[in-house]
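The structure appears right after this line, and notes come after that.
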Amino acid sequence: MKNWLDYRFENNPNDIFLRNKNRGFSYEEVGNNVYDRSLALQDFGVQKGHKVGIFLSDSLDFIESYLSCYKINAISVILNTQWKESEVTHALDLVSLDFIICGFSDKKLFINCGKPIIFIEELSKSFGSCAPKSIIPKMKNEDIQSILFTSGTQGNPKAVCLTYDNFYQSSIKWKKAIDLNKNDKYLLSLPLYHISGLAIIMRSLHLGFSVNINNAPAGISASTVFSAVPTLLTELLKDEKNINDLQKIRCIVLSGSKASQALLAKCKKHNLNIFLSYGMTETCSSICGFWPFKEQEHNVKIVGKPFEGVKIKVINNQIFIESNTVMKKYFNGNLTNGEFATSDKGSVEDNFLTLNGRLDDIVI
């Protein structure tokens, strides 16, 4: 597997990778920062295959720390910064970490976990004196890149192991589904501790477009693609200026939960370019989707057509997914071999997937 950060650094050094607050950061700038942080991680003792928990709320710190782990082939274990202390404890009990990256202010959450803590304030090349002088990537497609936790709507969150190839194949599927290209400016408003947000960063590396972090100047008006959950879009549509800006976006990806008929009617009224999609952490983001106002009269339960290379079957009302984006396994679980039995009920008609609720109808 190619190291895509190095690829962009070498081939597109001056292209803007991230826009955050009042400035843009090129692939070269981010690459240099990540290189420094990577050396620091190695100086702290982080090696290929080590599981490194990341608990950071600042987007730029998170992205650079995440990519530093990526660069040295350490496994990033993404911790939700909105978790309560008991939820953090559960995650640490579930996945045994080798290191934790957090800020000084969050020290109290991890001080008793018995694992080395690396403070983001100290994570730079200048900290320490014995950093290795080179980093030799040895990525393999099947190696685990990241461990993310499910939302826990049906009990305790599960730890999902996603490979380098899972992320890459997901990016390629999205490229074909909505014609993502290097000229796009993707507005990142979704949390980076969730697959929907994190996958956007990896798509940028794989495909070469730039990412506008939510607090970047102009926000919506400076973006061509925008991913949102229904509640966020509902709030945005209360403001006339937002509506005018949203009308200029070529693709608004709507996912995460069911979009109501009322919301979709409002989107259609304002001629918004909505793309509905369906997926989960276990499938490394969405695996099907469609343009509800362009492809057919929309039924609120329809979530789309399978992306290229995805097979969806329904057996006794249960949805089964076969894809090269399906997780390698749950942590300490069995290998999936690219097949996943969801907890969703559904049906397929004319190649469109319809959701009909959950198998156990439990929502916590």
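The values are calculated or read from the model by the stated rules, or taken from the named source; none is laboratory data. What you are looking at is a predicted structure, and each value in this text was computed from that prediction instead of being measured. Because the Cβ atoms are built from the backbone with ideal geometry, glycine has one as well, and the counts that use them run over all protein chains shown. Each accessible area value is taken on the protein alone, full model and side chains, heavy atoms only, with ligands, DNA and RNA left out. Shrake-Rupley method; radii C 1.70, N 1.55, O 1.52, S 1.80 Å.
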Please check which bits of region 216-258 a label hung off R23 would reach, taking the label as a point 7 Å along Cα-to-C-beta and the cut-off as backbone N under 19 Å. 216-219
Take the alpha-carbon positions of region 323-364, form their convex hull, and give its projected area averaged over all directions (one quarter of the hull surface) in nm². 4.3 nm²
Region 1-147: translational diffusion in µm²/s, Stokes-Einstein, Kirkwood Rh over Cα pairs, 25 °C, 0.890 mPa s: 155 µm²/s
Kirkwood Rh, angstrom, region 12-90 [1 / mean 1/r, Cα pairs]: 13.6 Å
Just reorder M202, M1 by solvent-accessible area, largest first, 1.4 Å probe, all chains present. M1, M202
Shape of region 154-254, Cα gyration tensor, a/c cut at 1.5: oblate
Solvent-accessible area, 1.4 Å probe, carbon plus sulfur percent, for the chain: 47 percent
Largest-first ranking of T81, T281 by accessible area, probe 1.4 Å, whole protein assembly kept, is T81, T281
Using a 1.4 Å probe, how large is the accessible area of Y193, given in Å² and rounded to the nearest 10? 60 Å²
What is the chain's relative contact order, in percent, from Cα pairs under 8 angstrom and six or more apart in sequence? 14 percent
Theoretical gain in end-to-end length, K258 to N14 [0.36 nm per residue, Cα-Cα removed]: 83.9 nm
The answer for the chain, accessible area per residue at 1.4 Å probe in Å², is 45 Å²
Among A40, A222, A74, which one moves the most in a GNM of the chain with springs linking Cα atoms closer than 10 Å? A222
Once all protein chains are kept in place, E64 shows an accessible area at probe 1.4 Å, nearest 10 Å², of 10 Å²
